[in-house]
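Report on one structure; see the data block that follows.
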Amino acid sequence: MSARHFLSLMDCTPEELNALIRRGIELKELRQRGVLFEPLKNRVLGMIFEKASTRTRLSFEAGMIQLGGQAIFLSPRDTQLGRGEPIGDSAIVMSSMLDAVMIRTFAHSTLIEFAAHSRVPVINGLSDDLHPCQLLADMQTYHERRGSIAGKTVAWVGDGNNMCNSYIEAAMQFDFQLRIACPEGYEPDAELLARAGDRVTLVRDPQEAVAGAHLVSTDVWASMGQEEEAEARLTRFRPYQVDCSLLDRAAPEVVFMHCLPAHRGEEVSCDLLDDPRSIAWDQAENRLHVQKALLEFLVEPAYHHA
């Protein structure tokens, strides 16, 4: 039996994704009630980080521990990965000792290569192309606050980055309309846009994107690895700041999300994260719960071997 990987939202069916969201909500409730639930006892997750992380590391590490397992943090500085061992070779060795591997990396091809040689599930903890785990958290958070997102309108304002790409996949899988407002030259992946067809609309004007939207989301203007472009981007993206008055153009029941970390005063106004319409803190917490659902779904439980 070959392992199930989660490199993109397209690796699951819409039914599976919705089941993960529901399960994330159940696991959150169990934790709030203080119920001990440890299906992954003696299971070990290896976590490879080529990029810095707060939420991804905390949520996967705490999540594995809460499910009764363990997580091992690996940075390229401390392993042979950083010294040029071929990715495929690393994957063969690591997957012989671990029960799952989460990778946060630059090139998406690293994930694909690792997964091709891994005998255990590989999870995309973020690549330059996609951030599917964050989208699971976003979808759980919307569901908790407003019910099903199917048929709703979502606005993405800012850079056509990995988050934006994952929103395009989410639009296809969760059945909502997506409007993307980004400056020229900063569009999301063209192939993804083509695949999404009329489910996604690309506009230049944030006001147009946000009009009547039920969910408005944004992200930093310069992602990790783009620091040297930051100055040029600041100028280019200035008209794309999401503030309270832009949010006023959305539907009355709009919620605002940001995958964090936020640069207050740049992509979001200084006060927006404290606006009652912002649910960014819940969204961050839900990384923990929905990723626990994902780990439970992908990793064979201990009692299968009992």
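May I ask you to list the residues in region 236-283 that are aromatic (F, W, Y) and surrounded by 15 or more Cβ atoms within 10 Å (Cβ to Cβ)?
Selection gives F237, Y240, F256.
Quick one: which residue in E296, E300 is farther than 24 Å from E187 by Cα, at pLDDT below 95 and not in a strand (DSSP E or B)?
Unique residue meeting the criteria: E300.
When region 61-73 is examined, which residues are found to be part of a helix (DSSP H, G or I) and closer than 12 Å to L40 by Cβ?
G63, M64, I65, Q66
If E38 satisfies all but one of (1) outside any loop (DSSP other than H, G, I, E, B); (2) of a type outside the set (S, T, N, Q); (3) surrounded by 14 or more Cβ atoms within 10 Å (Cβ to Cβ), what's the number of the condition it fails?
Going through the list (1) outside any loop (DSSP other than H, G, I, E, B); (2) of a type outside the set (S, T, N, Q); (3) surrounded by 14 or more Cβ atoms within 10 Å (Cβ to Cβ), E38 breaks only (1).
Condition check ((1) at pLDDT 95 or above; (2) over 28 Å from F297 (Cα atoms); (3) crowded, with 17+ Cβ neighbours inside 10 Å) across all residues:
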residue	(1), (2), (3)
D128	yes, no, yes
R145	yes, no, no
A150	yes, no, no
G158	yes, yes, yes
A170	yes, no, yes
P188	yes, yes, yes
Q207	yes, yes, no
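Which number in (1) touching a Gly at 6+ places or on another chain (Cβ under 7 Å); (2) over 19 Å from A155 (Cα atoms) marks the one condition that D219 misses?
Here D219 clears every test but (2).
Scanning for something at positive phi and under 14 Å from the mean Cα position of the chain (by Cα), does region 144-164 turn up at least one residue?
No; the residues of region 144-164 include none that is at positive phi and under 14 Å from the mean Cα position of the chain (by Cα).
Answer yes or no as to whether V290 is within 24 Å of M139 (Cα to Cα), touching a His at 6+ places or on another chain (Cβ under 9 Å), among the β-branched types (V, I, T) and modelled with pLDDT of 95 or more.
Criteria not met by V290.
What's the number of the condition A3 fails, among (1) assigned to a loop (DSSP other than H, G, I, E, B); (2) of a type outside the set (K, R); (3) at pLDDT 95 or above?
The number of the failed condition is (3).
The values are calculated or read from the model by the stated rules, or taken from the named source; none is laboratory data. Everything quoted here is computed from the prediction, not taken from an experiment. Glycine also receives a Cβ, built like all others from the backbone with ideal geometry; neighbour counts cover every protein chain displayed.
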